[in-house]
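J.: Got a structure here, written out as structure tokens. Questions coming.
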Ligand code: MSP
């Protein structure tokens with residue numbers, strides 16, 4: 001969310017008090033960053049007056065702060081000549097704002113640190129002018145009392161209002177799913193988007209946002225009319241029966257949507273007609289005789305140049321028919337430049353960025369006007385055009401408007417009365433990107449309605465190692481089957497954790513079983529059961545309090561605090577799979593701690609009872625936090641787990657260290673996620689080999705699946721002196737084996753735990769009898785001696801994170817051969833890794849290699 005980011009920073013203001021003492025004010029500054037600059041800024045809270053030496057520390061942010069302060073002061077200056085006075089006001093205003101913020105904090109009970117996405121710390125020294133401390137404080141007081149500075153107060157009120165309205169905006173989260181075609185049987189693709197929206201909503205709720213979550217069904221159009229005719233019922237009867245399949249599934253999946261919209265609802269229909277009438281009155285819609293290729297499946301015309309190689313509809317690849325008829329058109333083309341300008345100034349409007357590039361590329365061609373009507377003679381099941389009763393509305397024009405009608409036409413607002421539109425995120429699949437990123441914003445521009453803040457296009461769930469699910473291929477995964485067999489929360493967890501938002505993911509039964517067993521049954525289950533059992537057997541089921549913390553305990557506490565901070569920061573950026581990985585890293589750190597402290601051994605020696613108590617307290621508190629943080633993903637199981645340790649998740653206040661106090665009475669224990677004891681075949685064996693077209697050099701960057709991985713084991717190859725056999729964790733549950741010729745460059749201990757870049761979709765091959773499942777990358781240091789340097793990934797990259805070439809959308813997964821890779825060349829440029837001019841990045845940060853410019857990366 002680069003557009004409207006709030007930063008929260010600590011500042012130190014230091015002055016001479018006029019008597020040779022330095023006085024330090026510690027405070028906070030809250031800024032709202034729009035585009036590159038921060039136009040609105042609040043305040044500081046004085047904390048302490050510290051006598052002592054001038055602050056030492058970084059002042060490199062001085063310029064930024066200086067600019068910022070100038071900007072604020074711009075709003076307050078009433079006497080340009082009195083510079084010193086002006087300076088006093090700057091500090092005075094900081095203080096005053098602090099009171100207001102603290103008040104806000106008390107009233108709304110939101111800890112300040114929790115509403116901000118980022119924390120930066122920097123120091124600022126005030127150089128210009130000496131401030132007498134007492135005079136300064138007296139002045140601050142005066143800002144309330146003295147009528148001569150009345151003007152200042154008025155300005156101040158305005159800016160506070162402005163800042164607060166921004167807070168209000170920032171604190172709202174409105175997320176939508178596409179409205180699903182009512183005719184379709186719900187499958188995991190639909191479940192994914194809806195569960196993603198549900199989890200994001202719950203996460204935003206727990207970090208203090210007001211939320212609104214919309215889903216629904218798309219109920220007009222030719223397919224519905226035909227299906228109803230086939231069943232010999234009216235279309236209305238048909239949709240009334242069928243929409244339940246979605247509503248029932250969402251109930252079963254614990255989806256807490258605030259509203260379920262159906263496009264056949266009278267309020268929505270009236271809203272669509274109102275919008276059409278407005279556009280007609282404004283001259284944004286015109287009629288003309290039109291002929292062209294019409295696709296029944298897609299319910300739209302296609303230009304000759306848009307058809308596929310068989311002259312069929314380019315989306316469904318079904319035959320098209322030539323049709324000639326009068327229709328109504330929306331002047332979409334006249335908004336092309338406005339849309340381009342908008343995109344250029346909102347580069348994060350479409351997430352991920354390679355989808356932004358895709359739409360920007362699409363807009364390089366002239367945009368056509370949009371046909372928004374269908375003659376009733378051909379299709380009657382739609383919303384009649386208000387200005388011509390012989391026509392109904394094109395189904396996409398009707399469907400897209402649901403996002404606004406759902407709140408406006410149904411008079412819905414957030415709890416505090418603020419309007420719900422605009423949406424924070426429209427979650428969609430990548431196949432409906434154009435309708436959402438071209439039709440929709442131009443419609444809104446014409447209607448003078450603000451645009452949504454972001455469109456997030458996720459990838460597809462593929463099955464059988466790379467096929468798209470479809471009814472006709474008979475490979476649809478039924479969510480109900482999974483939930484019935486393995487539980488709702490296990491299914492939610494799998495969907496949310498196994499797909500990196502934006503990229504395609506493969507649904508195999510094996511990967512499902514592996515992930516549930518490793519993350520939930522093993523990692524989470526182990527810590528919870530161990531703590532539960534030990535408290536039951538050693539402390540009669542009552543949590544003991546901790547005494548003094550050693551390094552190992554402090555490490556758990558600091559990981560817990562880091563995780564809370566990162567979750568707060570990443571949730572608004574919708575980095576869901578990273579958020580889950582981060583929480584699971586806390587869970588794993590508790591297991592590590594338990595292994596180190598071995599409380600089962602401590603329990604044998606009564607003299608070590610205090611130490612045992614501390615270990616159990618620290619572990620229980622960290623488990624409590626992990627479960628609270630996982631609540632959005634596994635709501636029922638998280639509360640069950642919390643009940644086991646005598647706790648529960650209530651609200652944002654639970655997301656802090658130290659909520660358990662000791663003395664909590666533990667509940668009954670049971671495995672939250674029983675291990676799935678099924679024979680699962682190796683994924684490689686299961687997957688059906690795909691017939692793929694040969695790749696050209698230009699296709700290779702998109703086709704390479706490059707993943708961050710961490711070396712977890714290093715051994716010598718039993719049969720090759722130059723090779724190591726590495727086990728690497730690429731976030732897949734089970735580590736991969738990689739044979740690698742790194743011996744002349746690295747000692748085994750230098751490789752242990754090191755993060756590397758893995759070529760994950762390279763065809764496995766046997767190296768001296770050991771199967772190597774991929775390759776890792778290194779740059780040439782001394783080609784003659786085969787000395788090399790491993791490629792480095794950004795510090796915060798996690799196993800499983802994908803590396804992408806900047807601006808290149810990944811293509812559908814397939815296996816590559818070494819000879820495919822040899823079609824391109826990777827090399828180092830200024831320390832970064834490039835393929836030609838394409839920079840390689842993980843989560844937007846460069847992949848690097850410390851070798852000379854121009855060195856090859858292999
Ligand atoms: N009715 C339109 C949306 C109108 S929104 C104003 C529609 N409906 S749909 O039911 O066909 O598709 C809904 C969503 O499901 C799309 O975002 C689509 O990408 C998604 N999925 C369908 N199959 C999918 C997968 N296999 N994997 C992930 N999502 C996919 O389009």
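The values are calculated or read from the model by the stated rules, or taken from the named source; none is laboratory data. Values in this document were obtained by computation on a predicted structure and should not be read as measured data. Note that each Cβ is placed from the backbone with ideal geometry, even for glycine, and that neighbours are counted across all protein chains shown.
J.: Filter the range 305-363 down to the residues that are over 36 Å from the mean Cα position of the chain (by Cα) and closer than 17 Å to residue 439 by Cα and list them by number.
T.: Keep residues of the range 305-363 that are over 36 Å from the mean Cα position of the chain (by Cα), which gives 305, 309-312, 319-329.
Selection gives 328, 329.
J.: Report the residue count in the range 491-524 for those that are without any contact (Cβ under 8 Å) to a residue 60 or more places away in the chain and closer than 12 Å to residue 195 by Cβ. Don't jump to the end; show me each part of the working.
T.: First, pick out the residues of the range 491-524 that are without any contact (Cβ under 8 Å) to a residue 60 or more places away in the chain: 494, 505, 512.
Cutting the leftovers down to closer than 12 Å to residue 195 by Cβ gives us 494.
Qualifying residue count for the region: 1.
J.: Does residue 386 qualify as being surrounded by fewer than 23 Cβ atoms within 10 Å (Cβ to Cβ), more than 16 Å from the ligand (Cβ to nearest atom) and over 30 Å from residue 811 (Cβ atoms)? Steps first, answer last, please.
T.: Working: surrounded by fewer than 23 Cβ atoms within 10 Å (Cβ to Cβ): yes; more than 16 Å from the ligand (Cβ to nearest atom): yes; over 30 Å from residue 811 (Cβ atoms): yes.
Against the criterion (surrounded by fewer than 23 Cβ atoms within 10 Å (Cβ to Cβ), more than 16 Å from the ligand (Cβ to nearest atom) and over 30 Å from residue 811 (Cβ atoms)), residue 386 qualifies.
J.: Is it fair to say residue 208 is in contact with a helix residue (DSSP H, G or I) (Cβ under 6 Å, 6 or more places away or on another chain) and more than 16 Å from the ligand (Cβ to nearest atom)?
T.: yes
J.: In the range 277-294, how many are within 37 Å of the chain's Cα centre (by Cα) and over 13 Å from residue 371 (Cα atoms)? Outline the logic, then answer.
T.: So in the range 277-294, the residues within 37 Å of the chain's Cα centre (by Cα) come out as 278-279, 284.
Subset that is over 13 Å from residue 371 (Cα atoms): 278-279.
Result for the range 277-294: 2.
Residues are listed down the side, and each one gets a yes or a no for (1) at pLDDT below 95; (2) buried (at least 20 other Cβ atoms within 10 Å of the Cβ); (3) closer than 17 Å to residue 265 by Cβ:
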{"residue": "143", "(1), (2), (3)": "yes, no, no"}
{"residue": "179", "(1), (2), (3)": "no, yes, yes"}
{"residue": "222", "(1), (2), (3)": "yes, no, no"}
{"residue": "236", "(1), (2), (3)": "no, no, yes"}
{"residue": "246", "(1), (2), (3)": "no, yes, yes"}
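J.: Also, I was wondering about something else. Would you confirm, using the coordinates I've provided, whether residue 391 is away from the ligand (no atom under 16 Å from the Cβ), surrounded by 15 or more Cβ atoms within 10 Å (Cβ to Cβ) and not in a loop (DSSP other than H, G, I, E, B)?
T.: Numbers: away from the ligand (no atom under 16 Å from the Cβ): yes; surrounded by 15 or more Cβ atoms within 10 Å (Cβ to Cβ): yes; not in a loop (DSSP other than H, G, I, E, B): yes.
In short, yes.
J.: Tally up the residues in the range 394-403 that are without any contact (Cβ under 8 Å) to a residue 60 or more places away in the chain and either away from the ligand (no atom under 11 Å from the Cβ) or touching a strand residue (DSSP E or B) at 6+ places or on another chain (Cβ under 7 Å) (or both), please.
T.: Result for the range 394-403: 0.
J.: Could you say which residue among 246, 271, 302 is within 24 Å of residue 483 (Cβ to Cβ) and either touching a strand residue (DSSP E or B) at 6+ places or on another chain (Cβ under 6 Å) or in contact (Cβ under 8 Å) with a residue 24 or more places away in the chain (or both)? Reasoning before the result, please.
T.: Numbers: 271 fails: within 24 Å of residue 483 (Cβ to Cβ); 302 fails: within 24 Å of residue 483 (Cβ to Cβ).
None of the others qualify; the one that does is 246.
J.: Output the residues belonging to the range 374-388 that are assigned to a strand (DSSP E or B) and either under 22 Å from residue 441 (Cα atoms) or modelled with pLDDT under 95 (or both).
T.: Going residue by residue through the range 374-388, those that are assigned to a strand (DSSP E or B) are 374-375, 384-385, 388.
374, 375, 385 - these are the residues of the range 374-388 that are assigned to a strand (DSSP E or B) and either under 22 Å from residue 441 (Cα atoms) or modelled with pLDDT under 95 (or both).
J.: Turning to a different aspect of this structure: In the range 409-429, what residues are buried (at least 17 other Cβ atoms within 10 Å of the Cβ) and touching a helix residue (DSSP H, G or I) at 6+ places or on another chain (Cβ under 8 Å)? Please lay out each step first, then the result.
T.: Let us first name the residues in the range 409-429 that are buried (at least 17 other Cβ atoms within 10 Å of the Cβ), namely 409, 414, 420-429.
Of everything in the range 409-429, those that are buried (at least 17 other Cβ atoms within 10 Å of the Cβ) and touching a helix residue (DSSP H, G or I) at 6+ places or on another chain (Cβ under 8 Å) turn out to be 409, 420, 421, 423, 425, 426, 427, 428, 429.
J.: Which residues, counting only those in the range 174-190, are within 26 Å of residue 453 (Cα to Cα) and in a loop (DSSP other than H, G, I, E, B)?
T.: Within the range 174-190, the subset within 26 Å of residue 453 (Cα to Cα) is 174-181, 189-190.
Within the range 174-190, 177, 178, 179 meet the criteria.
J.: Six or more apart or on different chains, Cβ atoms under 6 Å: show the pairs whose first residue is in the range 430-442 and over 13 Å from residue 339 (Cβ atoms) and whose second is assigned to a helix (DSSP H, G or I) and within 8 Å of the ligand (Cβ to nearest atom).
T.: 435/396
J.: What tally of residues in the range 356-373 results from selecting those that are assigned to a strand (DSSP E or B) and within 16 Å of the ligand (Cβ to nearest atom)? Step through it out loud before you land on a result.
T.: Taking the range 356-373 and keeping what is assigned to a strand (DSSP E or B), we get 370-371, 373.
After this cut, where a residue has to be within 16 Å of the ligand (Cβ to nearest atom) as well, the list is 370.
Summing the residues that are assigned to a strand (DSSP E or B) and within 16 Å of the ligand (Cβ to nearest atom) in the range 356-373 gives 1.
Conditions tested, residue by residue: (1) under 30 Å from residue 583 (Cβ atoms); (2) without any contact (Cβ under 8 Å) to a residue 60 or more places away in the chain; (3) touching a strand residue (DSSP E or B) at 6+ places or on another chain (Cβ under 6 Å).
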| site | (1), (2), (3) |
| --- | --- |
| 735 | yes, yes, yes |
| 741 | no, yes, no |
| 755 | yes, yes, yes |
| 792 | yes, yes, yes |
| 803 | yes, no, yes |
| 807 | no, no, no |
| 810 | yes, no, no |
| 824 | no, no, yes |
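J.: Additional query: Hey, any hits in the range 452-467 for a residue that's closer than 30 Å to residue 236 by Cα and surrounded by fewer than 18 Cβ atoms within 10 Å (Cβ to Cβ)? I'd like the intermediate steps shown before the answer.
T.: Residues of the range 452-467 that are closer than 30 Å to residue 236 by Cα, as a first pass: none.
Within the range 452-467 (the criterion being closer than 30 Å to residue 236 by Cα and surrounded by fewer than 18 Cβ atoms within 10 Å (Cβ to Cβ)), the answer is no, since none of the residues qualifies.
J.: Of the residues 217, 193, 201, which single one is farther than 15 Å from residue 399 by Cα and either within 12 Å of the ligand (Cβ to nearest atom) or assigned to a strand (DSSP E or B) (or both)? Working first, answer last.
T.: On the way: 217 fails: farther than 15 Å from residue 399 by Cα; 201 fails: either within 12 Å of the ligand (Cβ to nearest atom) or assigned to a strand (DSSP E or B) (or both).
193 is the lone residue from the list that is farther than 15 Å from residue 399 by Cα and either within 12 Å of the ligand (Cβ to nearest atom) or assigned to a strand (DSSP E or B) (or both).
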